[in-house]
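What follows is a short report on a single structure.
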Amino acid sequence: MTTVPRQPSSPDEEPPRPDRGRVIRRRALTLLTIVLLIGIPAGYLVISANQSRNSGKDKEAKYSATGLTIGWPSKVQRRLYGIPIPPSSRDVAYYETNNYKVSRLYAQFLTDNEGLDTFLEQIDSDPAELKEGDFAVSDRDRSVAGWEFTGPGPWYGLTHSQKDPSPTQTVVVNRSNPDHPMVYVVSMTHP
C-alpha cells in the first residue's frame, strides 16, 4: 500500500485554534517555572543579605561595648593571652580589645591564696615577685577596663614580660582581704 503525502491546507483556511484550557495550563506552567527559577533564588538572596546585615550589627554592638563583661573568658582566650584563671575563682569579668598592632585581654577575679599562687606559677612567676605599692597596670589600661585602684590595700603588682609572640601580663593584686585576694590582669599580645 502506498501512502500519499499530506496535502498542505489551503491559505484561505484558518488553522485550528488550541483548546482554551490547554493554553491556560501552559501559561500557568510557564509562570510556575519562572517563579521557581528566578523568584526562589532572589528571595533567598534577600533573606541572606538581611541576616548578614543583622549579624554585622550584632558584632558591631558587641565589639563597641566598653568595660568588663561579667563571666569567664573563653578557654581559647585564656590560652591565647596566658591568663589561667583558677577554677575556684568568683566575681570573674573580662574585656578584650583588638587592633592591627596589639590585642589585649583584661580580666579580674577573686580567688584564694592557693589560687593566686597557682595563677602566678602558671604565668611563670611567683608571689615573691609581687611588689607592694606597684600598680603595674597603666593608666590607659585602667581607664579602658574601668578599674580604679583606690580602695583599701595593700596593693601589689608585677609585670611578666615575654618575647613576642608570647603575651606580656601586668598584674595588680588587692590583698585587703588577706584570705581572698582580688586579681586584675592585662595581657597584651602582638598579632
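The values are calculated or read from the model by the stated rules, or taken from the named source; none is laboratory data. Predicted model, so just to flag it, every value in this text is computed and none were measured. Neighbour counts are summed over all protein chains in view; Cβ atoms, including those assigned to glycine, are modelled from backbone coordinates with ideal geometry. The accessibility values were calculated without ligands, DNA or RNA, using every heavy atom of the protein model including side chains. Shrake-Rupley method; radii C 1.70, N 1.55, O 1.52, S 1.80 Å.
General observations
- Members of the stretch 34-50 that are among the hydroxyl-bearing types (S, T, Y) and open to solvent by less than 100 Å² (accessible area, probe 1.4 Å): S48
- Some residue of the stretch 79-92 being assigned to a helix (DSSP H, G or I), open to solvent by less than 90 Å² (accessible area, probe 1.4 Å), closer than 18 Å to T170 by Cβ and of a type in the set (V, I, T): no
- Residue within the stretch 150-172 that is surrounded by 13 or more Cβ atoms within 10 Å (Cβ to Cβ) and out of contact with any strand residue (DSSP E or B) (no Cβ under 9 Å at 6 or more places or on another chain) present: no
- Boolean, L105 is open to solvent by 30 Å² or more (accessible area, probe 1.4 Å) and closer than 17 Å to H190 by Cβ: no
- Selection status of H190, touching a residue at least 60 places away in the same chain (Cβ under 8 Å), open to solvent by 20 Å² or more (accessible area, probe 1.4 Å) and under 17 Å from R79 (Cα atoms): yes
- Looking across the stretch 59-78, the residues that are open to solvent by 70 Å² or more (accessible area, probe 1.4 Å), in a helix (DSSP H, G or I) and modelled with pLDDT of 90 or more come down to K75, V76.
- In the set (1) open to solvent by less than 60 Å² (accessible area, probe 1.4 Å); (2) of a type in the set (D, E); (3) more than 25 Å from the chain's Cα centre (by Cα), E96 fails one condition alone, (3).
- When the residues of the stretch 108-136 are filtered to those that are of a type in the set (D, E), part of a loop (DSSP other than H, G, I, E, B) and at pLDDT 85 or above, the one that is surrounded by the fewest Cβ atoms within 10 Å (Cβ to Cβ) is D124.
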